[in-house]
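Have a look at the structure below before the remarks.
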Amino acid sequence: MIVQERRTVAESVSWSGKGLHGGQAVRVTVHPGDRGIWFRAGGASLEAIPENVADTSRCTSLPVARTIEHLMSALAGLEVTDAEIEVQGGELPGLDGSSKEYVEGLLDVGLASVGTVEREPLFGRVFVQEESVKVAVSSGRGVWRYGFSADAWPFEQEFESSDIVGEFRGEIAPARTWAFEHELPAIKQLGLGRGLDATSAVILGKQGYVNEVRFPDEPARHKLLDLIGDLYLAGFPIRQLNVSACRSGHRAHVEAARRLRHALSRTES
């Protein structure tokens, strides 16, 4: 049996900026909560669980909030289990393209305990595979690995953390979203990435990075950041899992979260 402390924010905290993809003025506020992680906009409110995800094309979105993965990753890394999240403008702000500012804001207001919950550990393995895409989840001690693989430079990268919670703030949260330089015209035509610029997105050229990076393997670290946020939709503490993924995106991550949540419900029934 796992005894997990439930945490929320000590007081409300907000971030404003441009929507990561839409570029419109948006604002998100995390309020204290005690019923899990819920997003709300207008009069609608939805729990952040995989069954409520409406779109996984280049981001993870609920019907009430687009691009939730960077904030969800920050909540996972800081082990926040309960929050009421208010979204204005339909999308979360892109900020610096990572989870860094979310982490800093959450820590600035502090975290508060809202009790404990007892959980059975995950029995068995959750596995999602489609051709070269793979996500594998098992009970463990917080060892997470992401294998970046592409047909263009940098071809192969890998980042592994043996202490996902302890290393999250310094080694994972600052890793920014990225794009291949040759894809930028198509991304612009699709109306995506309007809230990002050369300081908040890493651009991958034919033979190297076009702009300055925070880590030599920043794309792999950001893919791990996204994976953390998406899998946290299952509501299970990331320090109690070992996870390995390769070539996966939001669709595979959310499917893995759905299967993980289903496996946990069977375990706890």
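The values are calculated or read from the model by the stated rules, or taken from the named source; none is laboratory data. Please read all numbers here as calculations on a predicted model, not as lab measurements. As a convention, Cβ positions derive from the backbone with ideal geometry for all residues, glycine included, and neighbour counts pool all protein chains shown. We work out accessible area using only protein heavy atoms, side chains counted, and drop any ligands, DNA or RNA first. Shrake-Rupley method; radii C 1.70, N 1.55, O 1.52, S 1.80 Å.
Counting each pair of different Cα atoms once, what's the Kirkwood radius of the stretch 5-65 in Å, rounded to one decimal? Can you show the working numbers first?
Working: mean 1/r = 0.0761 Å⁻¹.
One decimal place: 13.1 Å for the Kirkwood radius.
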In terms of solvent-accessible area of protein heavy atoms at a 1.4 angstrom probe, what is the ranking of THR81, THR60, highest value first? THR81, THR60
Subtracting the Cα-Cα distance of GLU130 and MET1 from 0.36 nm times their residue separation yields 43.1 nm
Between the stretch 210-250 and the stretch 141-198, how far is it from one alpha carbon centroid to the other, in angstrom? 8 Å
Which order, highest average first, do 151-159, 167-175 follow once you tally other Cβ atoms within 10 Å for each residue and take the mean per peptide? 167-175, 151-159
Rounded percent of accessible protein surface that carbon and sulfur make up, the chain, 1.4 Å probe: 46 percent
So the FRET efficiency between THR116 and GLU167, C-beta based with R0 = 25 Å and rounded to 0.05, is 0.50
By how many nm would the segment from THR199 to GLU156 lengthen if fully extended, with 0.36 nm per residue of separation less the alpha-carbon distance? 13.1 nm
Expressed in nanometres to one decimal, the distance between label points 7 Å along Cα→Cβ at ARG35 and ALA54 is 2.0 nm
At 1.4 Å probe size, with every protein chain present, just tell me what the per residue accessible area of the chain comes to in Å². 43 Å²
Listed residues VAL210, VAL128 arranged by accessible area, highest first, probe 1.4 Å: VAL210, VAL128
Everything considered on the Cα gyration tensor (a ≥ b ≥ c; rounded for a/c under 1.5, else prolate if a/b is larger than b/c, else oblate), the stretch 14-136 must be described as oblate
Once phi is turned into ³J(HN,Hα) by the Karplus curve 6.51 cos²θ - 1.76 cosθ + 1.60 with θ = phi - 60°, what whole-Hz value does each residue of the stretch 116-124 show in order, with x for glycine and proline? 9, 9, 9, 10, 6, x, 5, 9, x
Work out from phi, with θ = phi - 60° and the Karplus expression 6.51 cos²θ - 1.76 cosθ + 1.60, the ³J(HN,Hα) of each residue of the stretch 204-214, listed in order in whole Hz, and give x for Gly and Pro. 9, x, 5, 10, x, 6, 7, 10, 6, 10, 8
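How big is the antiparallel share of DSSP beta bridges in the stretch 142-266, given as a percent to the nearest 5?
Of those bridges, close to 50 percent are antiparallel.
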May I ask you to evaluate 6.51 cos²θ - 1.76 cosθ + 1.60, the Karplus curve with θ = phi - 60°, for each residue of the stretch 33-41 and list the ³J(HN,Hα) values in order in whole Hz, giving x for glycine and proline? x, 8, 10, x, 9, 10, 10, 9, 8
Cα-centred dipole magnitude for the chain, charges only on beta-carbon of K, R (+1) and D, E (-1), debye, nearest 20: 400 debye
Skipping prolines and chain starts, which residues have an amide H placed within reach, meaning under 5 Å, of the one on ALA112, given they are 5 or more residues away or on another chain? THR8, VAL9, ALA10
How much accessible surface area, in Å² rounded to 10, belongs to the heavy atoms of ASP197 with a 1.4 Å probe? 90 Å²
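Indicate, rounded to the nearest 5 percent, the antiparallel portion of the DSSP beta bridges found entirely in the chain.
If we restrict to bridges inside the chain, about 80 percent are antiparallel.
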List the residues whose amide H sits under 5 Å from the amide H of ILE37, counting only those 5 or more places along or on another chain, with H placed 1.01 Å from N in the peptide plane. ALA48, ALA83
Relative counts (whole %) of C-alpha pair distances in the chain, using bins that are 5 Å wide: 1, 6, 13, 18, 21, 18, 13, 6, 3, 1, 0
Taking amide H atoms as placed 1.01 Å from N in the peptide plane, list the residues 5 or more away in sequence, or in a different chain, whose amide H sits under 5 Å from that of ASP55. SER61
